[in-house]
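The values are calculated or read from the model by the stated rules, or taken from the named source; none is laboratory data. Computed from a predicted model, the values in this text were never measured in an experiment. For neighbour counting, all protein chains shown are included, and Cβ atoms are generated from backbone atoms with ideal geometry for every residue, glycine included.
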Amino acid sequence: MSQETQQVEAVRVSFDAEYQRFGDLVLDGSGLSAVESLLRELNELKIAHTGKRSALAESKKLIGRVPAEERATFGQTVQSIEQHIVDSIETTAERINLFIVNAKIEAERVDVTQPGRRPRQGHLHPITILRQKIEDIFVSMGYTIESDREIETDHYNFDALNIPEGHPARESQDTFYTTDGFALRSQTSTVQIRAMERHGVPIRIIAPGKVYRRDTPDMTHVPMFHQIEGLCVDKGITMAHLKGTVTEWLKRLFGDDTITRFRPSYFPFTEPSAEFDFSCFKCHGTGEYENDRCRPCKGSGWIELGGSGMVHPNVLRGVGVDPTDYSGFAFGFGLERMAALMYSIDDIRHMFENDVRFLEQFR
Amino acid sequence: MNISYKWLKELIDFDLSAVDLAEALTRVGLTVEGIEAKGDDSVLDIDQTSNRPDCLSHLGVAREIGVIVDRPLRTRGLGVADVPYPAALAGEIVSVDDKDLCSRFTARIIRNVKVGHSPQWLVQRLEAIGERSINNIADITNYAMHDTGQPMHAFDLDKLAENRLVVRCARDGESIITLDEVERKLDPSMLAICDAEKPVAVAGIMGGLDSSISATTVNVLLEVAYFDRDSIRATSRKLNLATEASYRFERGVDIENLIVASARATELIRDLAGGEPAELIDIYTSPFNPKHIESRDISSAVARLTGLKVEKHECDRILSELGISSDETRESYASPSWRYDIAIEEDLVEEVARHTGYENIESLLPPAYGAGEFQPTEVSERLLRQRLVDLGYDEAITYSFISTETDDQYEPVPDLIEDDASEPLVTLRDSVIQGSVRMRPTVIPALLDALRTNFNQQRKNLNLFEIGRVFASLADGQLPVEKKVLGLVITGSETFEGHASVGQPRDFFDIKGALQAALDAVGTATATFSAETPKHLRAGQSAVVKIDSRPIGSVGRLRDDLAAQFKFKQPVFVAEIDLDLALSAAPEIPSYFPLPKYPGVVRDVTLLAPKTVTFENIVRSVMDKGDEILDSVDFVDSYEGNDMTPGERSLTIRLGYRSESRSLSDNEVDQVHNALLEAIKSETGAGLRQ
């Protein structure tokens, strides 16, 4: 073996001696920073053994001194030593890099089940949620939304609605009066009158709003609540259109299998008059839910919702509409009652307490 | 009211079970709320509408069944003579002084009765419908009322002074101890049944104790009468005394049925108490005159209003079985004496429709019409609500009436209260909630109540809003002003969805920001805030909100003494604005500015200024000076610390420079920047912080 070859072989030996601690390296359980400094040391080792001033670089220069017939072999030896150094370092570098990547992933792992970061969301009042749903349905059916005064004259609250002096509905034990003799409207039907006065006929409106009755608050009564009033006046309107309209919006709200029932009743401002019920949204009219008596409909399968009828000719005449030319229907119902049924609220006083534990339950 | 199935069977023949009957009655508008088995009988609880007093009896319900099953009522003989005592002699027993309030009065003398227990069948009958047995005479009058619908009263004839009755209005100072052993003061508006000396009954409402039937009664005077409906209602309200009798009289009894009802009771007194029927007096001053209802073609009227096709002969069958007779020659129908609710053709249509069945009416949508629409403000209001909800506000709805205790403590939105109104607030005559007689001029106190409610549940980080009307009086009998307002209240720290921990404590800028965001959502022109102090707010942290320099409300920290009334121990911020005004400002259509071609330069400057110098003062001094390359003035930060002179703060602002025609050189910017800083200094006294 030539002297040059021996010199080259010494490079290998010295590399192997310094590299040995990397070859035997066990990374498991090591800290990230210790491993990162190992990587730096490995790079230094690489530079020391493959850089321009390394022993290897020096030994490459020896090739001129090697006899011509040995040059090929010498060259191969140098190359194999270089390859050995580069491969060894790369293998370890890969191991270390992989460890670092994995260690970083572990270090930065998050609990994806923790709550997301966002400000607390507020909540619409359940009455607003329900009102908006119903308004959307009626607007899509060609109705216009009307709103109007809450403090009214007896004329709008009673006379124009064909509720004569002496009628039980007119007794002050049911109606709030101001010291100036005005009434807090006891039904949103007042808007029928004002809207027909404003717009004339034909007309299709719904009027959501607050109404007031002198009821002492208890689980099923409150002195202020919300109603939605509907009115459709045109030529040729019949009770069939009333039934169709009420059934249609209830279907859109509660599903296509909803059916309605109209029962004869009495309201001074409609003739003929009817109360309307709809098949219970929970038990779908069976009266039973999960082998128990259905709660919203009390086992009857029907939910009583509101009043309706054909607009009384006196009401039409009162706003200058000829009842022989025009006819119309009107209906009304209470939103608190409906919300209480839909959301199984057992005490409607909660609606006006504004306890956020209550409000948070509705979206 | 309670109706006995067996009792009905005595009045009409029908083949329906109690359950089927209940369904059939509900279908025609006599809503059966429940059926209860009572021995071998079933009792139906029927919910009567106020227009059908005729159905407050078994006879009335039987009449409806007659139409349902198309059969006549069973005929019942009178059983006793109905020949009245000669009118000329009637005055010895009864005189009616007030004929306007009593258009018919009958009295039957029955002698030698034996007052005692009722027979078992009668006791059971009454018990079935929930009535207590008293004695045979009282039970018979009660029974006859539930049978015929006609209230009646039995007097002990021998206890009546001069054994006679006078129907007249009470005199000033008169009073009576009624059957319920309460002394009642009467006044001249009240109709009384009197003997020769004094009132012995409040007409149509309750009899007197002294003249009532007792164990020693021998001779009875049975009163069966018709009284003016409004008079009975008024007296009943005045005395705060409502009875089964007054309930029927004020809704209207059948004036043509008095003799039959009287005979029915007389017959029973004869049979069950051994009485001997004697004189019958009938003073009928204004005989019943049926209403004629014009109807040329009832069948097409039914079709026009209900869409039902009912042949004329079927219409006539239904109507005649209800007692509504047709008069072909006059093209009209006559309503019977027991139906007060039949006055126009539409009423006839309802009778035909309900007995034909509402379920047979088709279900159709009205012919297509125009598109529906929201009120323009409704759309804006929805956007505004949603914006506030997204910002974490919960929507509250509070009662419109509030306590008088908050009067004058809160400043309502501008222009709600008329300056010269002597009674500016709307007040209710009374309330069902203790003390709450004021129609609210502001939503804030009720929202603060809601905060208190939540504090009591240990919820102390809260944002609430309410949209609702507030009220104020106008002079001269005009309807009160109603304005829609938006109210906000916040307190505590910011909170995060799903996190129990909280963020920064909220301050003035949180509620101001929410208000700005809400107004932005509806495209309202920029609102400005000026440091002013409405009376419910704390000086130094309050502002009046303006749009186009018109005040629309206020925002700020609740005054400490008001907060103390609610026992709030942490700052509470409130705002209220006139929403009608805020939503009436037409949204502006944005106008596009070309995107800049040349880069801009920004310079942050920290100024040291007296606290009296506002951000707006600084901005105005910069804008007033102005420069072609001045592009923007923005707020960066404000700082007050212990290391600073009291009464001063440091304020960092960012000035932006840009030209549309060239890139700016540092030199050029420096010149303008320094000139602006000088302008700030000279206008406001704020200089660079060293």
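The set of residues in segment A:232-248 being assigned to a helix (DSSP H, G or I) and more than 8 Å from chain B (Cβ to nearest Cβ) consists of A:Leu242, A:Val246.
Of the set (1) in contact with a Phe, Trp or Tyr (Cβ under 8 Å, 6 or more places away or on another chain); (2) over 30 Å from B:Val426 (Cβ atoms); (3) free of Cβ contacts under 8 Å to residues at least 12 places away in the same chain; (4) surrounded by 15 or more Cβ atoms within 10 Å (Cβ to Cβ), all apply to B:Phe496 but (1).
The set of residues in segment B:358-379 being in a loop (DSSP other than H, G, I, E, B) and within 30 Å of A:Arg263 (Cα to Cα) consists of B:Ile361, B:Glu362, B:Ser363, B:Leu364, B:Leu365, B:Pro366, B:Pro367, B:Ala368, B:Tyr369, B:Gly372. With respect to (1) surrounded by 15 or more Cβ atoms within 10 Å (Cβ to Cβ); (2) assigned to a helix (DSSP H, G or I); (3) at pLDDT 95 or above; (4) not aromatic (Phe, Trp, Tyr), the lone exception for A:Arg204 is condition (2). Cβ-Cβ distances below 6 Å connect the following pairs, each with a first residue in segment B:149-164 that is touching a residue at least 24 places away in the same chain (Cβ under 8 Å) and of a type outside the set (Lys, Arg), a second residue that is in a helix (DSSP H, G or I) and surrounded by fewer than 17 Cβ atoms within 10 Å (Cβ to Cβ), and a separation of six or more residues or different chains: B:Leu157/B:Asn163. Across segment A:181-231, the qualifying residues are those that are within 22 Å of B:Gly477 (Cβ to Cβ) and in contact with a strand residue (DSSP E or B) (Cβ under 8 Å, 6 or more places away or on another chain), and the one among them that is farthest from the other protein chains (Cβ to nearest Cβ) is A:Ser186. One residue alone among B:Glu497, B:Glu576, B:Glu588 is within 14 Å of chain A (Cβ to nearest Cβ) and either in contact with a Pro (Cβ under 9 Å, 6 or more places away or on another chain) or of a type outside the set (Gly, Ala, Ser) (or both), and that residue is B:Glu497. All conditions but one from (1) without any contact (Cβ under 8 Å) to a residue 40 or more places away in the chain; (2) touching a helix residue (DSSP H, G or I) at 6+ places or on another chain (Cβ under 8 Å); (3) closer than 18 Å to B:Pro599 by Cβ apply to B:Asn667; the one that does not is (2). Within segment A:90-137, if we keep just the residues that are at the interface with another protein chain (Cβ under 7 Å from one of its Cβ atoms) and among the hydrophobic types (A, V, I, L, M, F, W, C), the residue that is nearest to A:Tyr343 (Cα to Cα) turns out to be A:Ile127.
Of the residues in segment A:249-267, at least one is surrounded by 18 or more Cβ atoms within 10 Å (Cβ to Cβ), assigned to a loop (DSSP other than H, G, I, E, B) and within 13 Å of chain B (Cβ to nearest Cβ). The residues of segment B:425-480 that are surrounded by 23 or more Cβ atoms within 10 Å (Cβ to Cβ), closer than 18 Å to A:Pro217 by Cβ and more than 8 Å from chain A (Cβ to nearest Cβ), listed by number, are B:Arg440, B:Ala446. Among the residues of segment B:604-654, those that are loosely packed, with under 12 Cβ neighbours inside 10 Å, under 58 Å from the mean Cα position of the chain (by Cα) and of a type in the set (D, E, K, R) comprise B:Asp624, B:Asp637.
The one condition from (1) of a type outside the set (Val, Ile, Thr); (2) farther than 25 Å from B:Val113 by Cα; (3) part of a strand (DSSP E or B) that B:Asp187 does not meet is (3).
In the set B:Arg654, B:Arg689, which member is within 24 Å of B:Phe508 (Cβ to Cβ) and either out of contact with any Leu (no Cβ under 8 Å at 6 or more places or on another chain) or free of Cβ contacts under 8 Å to residues at least 12 places away in the same chain (or both)? Quick ask: steps written out before the conclusion?
Numbers: B:Arg689 fails: either out of contact with any Leu (no Cβ under 8 Å at 6 or more places or on another chain) or free of Cβ contacts under 8 Å to residues at least 12 places away in the same chain (or both).
Answer to the selection: B:Arg654.
Candidates B:Ser231, B:Ser189, B:Ser214: the one that is surrounded by fewer than 17 Cβ atoms within 10 Å (Cβ to Cβ), under 25 Å from B:Asp254 (Cα atoms) and either touching a strand residue (DSSP E or B) at 6+ places or on another chain (Cβ under 7 Å) or not acidic (Asp, Glu) (or both) is B:Ser189.
Counting only residues that are in contact with a strand residue (DSSP E or B) (Cβ under 6 Å, 6 or more places away or on another chain), assigned to a helix (DSSP H, G or I) and at the interface with chain B (Cβ under 7 Å from one of its Cβ atoms), segment A:138-164 holds 1 of them. Looking at segment B:95-103, can you tell me whether even one residue there is in contact (Cβ under 8 Å) with a residue 12 or more places away in the chain and in a strand (DSSP E or B)? Yes, the conditions are met somewhere in segment B:95-103.
Any idea which residue in segment B:227-252 is farthest from B:Leu186 (Cα to Cα), counting only those that are part of a helix (DSSP H, G or I) and among the aliphatic types (A, V, I, L, M)?
Ranking the candidates gives B:Ala245 first.
Count of segment B:358-379 residues, restricted to those that are under 23 Å from B:Lys312 (Cα atoms) and more than 7 Å from chain A (Cβ to nearest Cβ), is 2.
Within segment B:37-59, the set of residues being assigned to a strand (DSSP E or B) and over 19 Å from B:Arg251 (Cα atoms) comprises B:Ala37, B:Lys38, B:Asp41, B:Ser42, B:Val43, B:Leu44, B:Asp45.
Can you name the strands (runs of 3 or more DSSP E) wholly within segment B:253-357 that have at least 1 residues being within 14 Å of chain A (Cβ to nearest Cβ)?
Counting at least 1 such residues, we get B:292-294.
If you go through segment A:168-222 and keep only what is among the hydroxyl-bearing types (Ser, Thr, Tyr), within 34 Å of the chain's Cα centre (by Cα) and over 30 Å from A:Ile237 (Cα atoms), you end up with A:Tyr212, A:Thr220. Residues in segment B:385-402 that are part of a helix (DSSP H, G or I) and among the hydrophobic types (A, V, I, L, M, F, W, C): B:Leu388, B:Val389. Among the residues of segment B:604-646, those identified as of a type in the set (D, E, K, R), farther than 22 Å from B:Phe509 by Cβ and part of a loop (DSSP other than H, G, I, E, B) are B:Asp627, B:Glu628, B:Asp643. The residues of segment B:520-578 that are exposed (fewer than 13 other Cβ atoms within 10 Å of the Cβ) and outside any strand (DSSP E or B), listed by number, are B:Thr526, B:Lys535, B:Asp548, B:Ser549, B:Asp560, B:Asp561, B:Ala564, B:Lys567, B:Lys569.
Checked against the criteria, A:Gly306 counts as modelled with pLDDT of 90 or more, in a strand (DSSP E or B) and away from chain B (no Cβ under 11 Å).
Report yes if B:Arg382 is without any contact (Cβ under 8 Å) to a residue 60 or more places away in the chain, basic (Lys, Arg) and either part of a helix (DSSP H, G or I) or within 9 Å of another protein chain (Cβ to nearest Cβ) (or both), otherwise no. It is true that B:Arg382 is without any contact (Cβ under 8 Å) to a residue 60 or more places away in the chain, basic (Lys, Arg) and either part of a helix (DSSP H, G or I) or within 9 Å of another protein chain (Cβ to nearest Cβ) (or both).
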